[in-house]
Each structure stands twice: as C-alpha cells, then as structure tokens.
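Trainee: First the structure, which I've put down as structure tokens, then a few questions once you've had a look.
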Amino acid sequence: MKNKKYIQIVVVAIFTQLMFSCDYLAVSDELAGQLTKEEVFNKPDKTRQWHRNIFTAIPDYSDVSCVDDLSSELGFQNPWTALTDEVEFGKGNSTRYVNETGFHEGNARYHRYKTIYKLIRQANIFIENAHVIETTGTTTDFLDENELKELIAQARFLRAYYYSLLFELYGPVPLVTEAVDPNAESQDFSRNSVDEIVNYICSEMDDLIKEDGGLKDIETEVNRLALPTKGVARAVKAKTLIYAASPLFNGGFTEALSITNPEDGKKLFPDPDPKKWEKALTAIEDFINFANADNYHLFKSYKKDGTYDPDQSLYEMFMSYNSEIIWASSKTWFLSIADNGYDKYLTPISEVKGKQNMSIMQELVDDFYMKDGLSIKESPLYIEEGFTKINGIDIYNMWTNREPRFYQTVFYQGRKWHVSNKEINFYQGSPNGAQTGPDYPYTGYLCYKRASRKIYNQGTNPKVHYRPSIIFRLADFYLLYAETLNEVKPSDHRIIEYVDKVRERAGIPKLAVIKPQIIGDQEAQRKAIRMERRLELCTEGQRYFDVRRWMIAEEEGSKQGGDIHGMNMFGENNVKADFYKRTRIETRLFEKKYYLYPIPLSEIQISKKLVQNPLW
C-alpha cells in the first residue's frame, strides 16, 4: 500500500479539533471548509484527512485531570476514576464539584453524545463516498483498492465502536447508519432498543472479523499500533455482549422497563433474559481463544536470575507497548511534568512542578490485599496502628505487608520519592507536604499507578516519558471471561483458573490455594471476581461502568454515594501523630438515576421523538 502518512497523523490526532459548538449530526467546518464532497473525495490527501478525523473520539484514559474547565465535554477523557470510589481531586476540579452537588439533565458534564454523532455522520459520509483515485498528470498520489478497503473497514469499526461508547454511558440510543442532512427534519430520530444497538455492534464486528483485506488480525508495525484490528473487534463484541447480559441492561433496572418511544411505543429496555450470558460466553471464548493463539499475553518481567518480578511487571506493563495491550490510543496525557500532564498530578509539591492532588481514597486503600492474598479483615498480617521502621523511616503499619499492586498504586506518608529519594510527608504544615490551596492530597495519599519513575523536572533528567493510553488489555478480558463463565456454569474450573492468572501476575497467592472452598460457589466467586477487577483495573476508567452495570452502586462496599475517607490532613497544631486517623473527606451524592447518563437536555428539547432515560 502506498501513502501511509495518514497513519502517522492518526497517532498525533488532536482531540480539540472537535471541541467547538456544533449541531446534532453536523460535520466539522474546519475539515469541510468550502469544499464539496466531490472535491474532498476526489483527492487522496483530502480523503485521508476526512478519514483520520473519525479517530478523534477514541478515549484517552490517561487524561484523568479533567482540569478546571466546567463547560467542556470530557467524556472521552477519564473523569470516571474520580467519579467512582477510587480517586479524589482537590477543590476547583470539576469532578469534585459533581461528586458533591450531583447533576441534572441540563448541566451534566462529560457527555459523549454530540461529538460521537458528529463522527458517526463523518464515518457514514466516508463509507458512502470514498472511492479509488487514480494518479493524474499533476500528482503521483493515489488511493488504490487495497488502501480503500482498509480505510472503509476502519471507518466501519469506529462507527460501531462509537455506538458501544454511547451504549455504556446512555444505554440505547438512535441508530444512524446513513449520512443524513443535518439541516433536514429527518435528523430527528427515535431511540433504538438495547437489543437493536447490541445486535448492530456485534454484526458489524462479525463482518469485519470475517472480511479479508480490511482489518489485520493484530498490528505490530510501530506506526500502526493505534489502529483497530480483528482482535480489537473481537474484544468490542465480547464486552458489548457482557454489558448487555449485565443487570443494568438486562432487566435489572426496574424503572427502565417502562421506557418506550413516544412515537411508536417501542420498548427500549428488555425484560431479564439469563440466556444473554450464554451468548456473551460464546463471544468472550472466541476472544480468549484468539488471544491464546499467541496473539496476546499477560506482561511479565523477570530478574536476571530468572525469577519472576511482580513489582517490575506491574510497573513496566504501562510504560510501553507490549503483548498485553489489545488496543491503546495514540493520544496521550503523559505530557512533560512541567505541563499539565498525568505525572504532574501524581508528584508531591516538594518535587519540582509537582501538583499532588490526585488522591487515592481510603476505601480503595483498604480493599487491597495483604501479601498473603487475603483481605485486611482476613489476614493475620494486617496491623492498623503503630509503626514499623523501614529503611530508617517509621512507616504506619496499615501500609506494611501489602500486595504488590498496593505499592504500585498508593503513595503514602513517609515513602521516598523514586528520583530525589526524599521522604515525603503529607500532614498539614510539613515543609514538603500539604498546602492550604487546592494542590494537596485531600486523602493523605497520592495515586502512584502509571507514574513514570524516570522523569524529573530538574537537571538533565528526562522531562517526559511517552506511554500508550490503554483502552483494552488482556487482564481485563481474563476477568470478564471468569465473570461470564460464573454466570453460566459456576462449577467450571476455568473461572478460578483465569482469576488466578491475574493474581499470579500480581504476585499474590492463587485462590485455588488459599480459598479452595469458594470453588463452585457462584456468589463467592462473583465477589472474588468483582474485587479482582476493582484492584487490577483501578484508576483505568473501568470501575465507574462496572458498579453501574452490576447495579451495586448503592450496596455496602461499593457505594458511590455517602462519606469517603482518608487520613487526617488537618490535625490540630500540625501534629504529625494526628495524621494517622481515618477522617471523612467528602460526602458524595448518588441517586438511582445516575446508573445511566441523561440524554443531553438540549437534544430532548429539540426532538419530537427522543425519550429521556429513567428517573431524569
């Protein structure tokens, strides 16, 4: 194939191209300008430009900051980790405002709706109009049949994938698969049902998997790693069907069962159907078989003597493309620490350019296992109070003898920063600790997961470290496989086997060894799988959607509303000893209607056919 420059531009596509006022289903004037369709699709470079802009709503889960812009649509970034029981940001951050006050149809932030429909229309126009372009006397550039087939396959994939992003946030939405005049009355669509949306996504992915010459099985070329593949298509299909089988979309949201379209009375949410788990199992097994055919592997790192190193594995897994990554966005929020990038929010303020306001919640701290693989309630190793001297520093016992994922995720009081080797203290008044403004760790912890151990904004140290923004990785799908098997056949030995693959990589004992009594017990296995997802995937943008599809956001241990906790950042007289007390940090609001996002009020108001989600 000639002219692959479009691929390289995809990997530096700028999301802000789409962040401007637009009508429902409109296409960017910045791209179209005054050009006609013929002028766009009769030129190879313009055709590729139109095509690559379709990529610009692929989520960037490395962008967790959601900096203080309260008006932008940020649903393609990762506000979700701060909107669930994982992370707390400082005052002024938009997620903090939402958590404390809630939201309604008219002021909800983090929408995906308008932007995605803009790109769906752009994909539709591309699919309908792109064609082979021969060379002319004035140019040697051309678009041949092979390249065209690949570009159309990618556009079809993105169109279906974008519907999956709409589905996980809003539930069923209007299904538009043809280019529609944005100024015509025909742009007013009714919502399709859950089953119709799911069937469309899966049908498109099936076609792309079967098709020759479109998507590759996997991508290995460095300039193409951001492109979708047949492996990714299998992953999207499996995850979509698992969502469709989950309580939120499978009859468990009672108030949704009565939602119908005003025009034709179509019921949008289905009654419970346990057989949907069987359909999901077929899809996830297809993906697992594909992965196990030497296409994807859990990332593991070994010491020089050949022994397995869980700490290094858990760190390096996020530092570069590797065989665990099914799909990663080319966009990255891993900017230099001097910019408002990911590492800045994880760096103590005592370190140069540190902002230190991405805080791990005490609830997540408490959920991490001990190094024996047991919870803090079960393990004899857990001691909450008192101190243990480690490398000459008194470390609170709560943070000792924990599992490797804890140390890769949680930066706590008294720990040394990896470059400067300074002891970091967070209690109020410490010369290298908290500040009175918004830039301090509200919970007394910092997030440490995915932080680069190389960059340091001083001297000749590296100032930036590029890391892929992971969308899908294998551990997620191992746990989805275990979850689906457990809903269909709780006695299946592979349930614990696949959970234990993730635990073994995490450096903790297998459930088959330390808890053989839960094998075959569906409810016990369900709890174990959900906790494993909680810990393995924390801060990666998944927890928000898991607790909602399971409909456990009001249950003890998974509550999304109520008090959240941390250490005491405001002890009297700045006494360090006062810091080590569980303290209420914030009271969050969660209402049942939050299980699904509201369709934007602006769309409801201009439509005769759209019906709002339940309880809004």
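What follows draws every value from the coordinates through simple rules; no lab data is involved. Quick caveat, the model's predicted, so the values are computed rather than measured. Cβ sites come from the backbone with ideal geometry, for glycine too, and all protein chains shown count toward neighbours.
Trainee: Please name whichever of V40, W417, I284 sits farthest to the positive end of the charge dipole of the chain, dipole taken about the Cα centre and charges placed at Cβ: Lys and Arg +1, Asp and Glu -1.
Mentor: So the residue we want is W417.
Trainee: Using a simple charge model, +1 on the beta-carbon of Lys and Arg, -1 on the beta-carbon of Asp and Glu, nothing else, what dipole does the chain show about its Cα centre, in debye to the nearest 20?
Mentor: 1340 debye
Trainee: Let me ask something additional. If amide H atoms are built 1.01 Å from N in the plane of the peptide, which residues on other chains or at least 5 residues away come under 5 Å of the amide H of H565?
Mentor: Amide H neighbours of H565, under 5 Å, 5+ apart: Q362, E363, I585.
Trainee: Any chance you could run the full-extension gain for Y308 through T400? It's 0.36 nm times the residue separation minus the Cα-Cα distance, nm to one decimal.
Mentor: 31.0 nm
Trainee: Another question, then. Mind checking which lysines have their Cα closer than 16 Å to the Cα of K276? Skip sequence neighbours fewer than 8 apart in that chain.
Mentor: K237, K239, K489
Trainee: Angle, helix 522-536 long axis vs. longest principal axis of the chain, Cα atoms, 0 to 90°, nearest 10?
Mentor: Here the helix axis deviates by roughly 90 degrees.
Trainee: Here's another thing I want to ask about it. Counting only Cα, what are the radius of gyration and maximum Cα-Cα distance Dmax of the stretch 288-386, in Å?
Mentor: Final numbers for Rg and Dmax: 18.2, 50 Å.
Trainee: Is there a quick way to get the dipole size of the stretch 134-267? I mean about its Cα centre, with the Cβ of Lys and Arg at +1 and of Asp and Glu at -1; what is the value in debye to the nearest 20?
Mentor: That gives a dipole near 700 debye.
Trainee: Rounded to the nearest 0.05, what FRET efficiency is calculated for E38 and D521 with R0 set to 56 Å and r the Cβ-Cβ distance?
Mentor: So, using R0 = 56 Å, E works out to roughly 0.30.
Trainee: Another question, if that's okay. Once label points are set 7 Å from the Cα along Cα→Cβ at both H104 and H297, what is their separation, rounded to one decimal in nm?
Mentor: Output for this residue pair reads 5.6 nm.
Trainee: Put +1 on the Cβ of every Lys and Arg and -1 on every Asp and Glu Cβ in the chain; which of L151, M398, Y113 then has its Cα farthest towards the positive end of the dipole?
Mentor: Positive-end residue among those listed: M398.
Trainee: Still on this structure, I have one more. If you place +1 on the Cβ of every Lys and Arg, -1 on the Cβ of every Asp and Glu, and leave all else neutral, what size is the dipole of the stretch 204-251 about its Cα centre, to the nearest 20 Debye?
Mentor: Result for the stretch 204-251 is approximately 220 debye, rounded to the nearest 20.
Trainee: Calculate for the chain the 222 nm mean residue ellipticity that helices alone would give, adding -39,500 (n - 2.57) per DSSP H run of length 4 or more and normalising by residue count, nearest 500 deg cm²/dmol.
Mentor: -10000 deg cm²/dmol
Trainee: OK, next. Here are a few candidate values for Cα extents along the principal axes in Å: (i) 75, 72, 53; (ii) 84, 52, 41; (iii) 75, 57, 52. Which one was actually calculated from the structure I just gave you?
Mentor: (iii)
Trainee: Still on this model: Report, by chain and number, residues whose modeled amide H sits under 5 Å from the one on F387, excluding near sequence neighbours (fewer than 5 apart, same chain).
Mentor: Hits under the 5 Å cutoff: N397.
Trainee: Amide H neighbours of I471 under 5 Å, at least 5 residues apart or on other chains, H built in the peptide plane: list them.
Mentor: W327, A328, S329
Trainee: May I ask you to derive the FRET efficiency for K592 and K266 from their Cβ-Cβ distance with R0 = 35 Å, giving the value to the nearest 0.05?
Mentor: After rounding to 0.05, the efficiency reads 0.90.
Trainee: Could you sort the peptides 529-542, 590-603 by per-residue average Cβ neighbour count (10 Å cutoff), highest mean leading?
Mentor: Packing proxy ranking, top to bottom: 529-542, 590-603.
Trainee: Continuing with this model, one more query. Just to verify a number: FRET efficiency for R584 and E316, C-beta to C-beta distance, R0 = 30 Å, to 0.05?
Mentor: After rounding, the FRET efficiency stands at 0.25.
Trainee: Work out the charge dipole of the chain with +1 on the Cβ of Lys and Arg and -1 on the Cβ of Asp and Glu about the Cα centre, then indicate which of G507, F167, F579 is farthest towards its positive end.
Mentor: Going by the charge dipole, the pick is F579.
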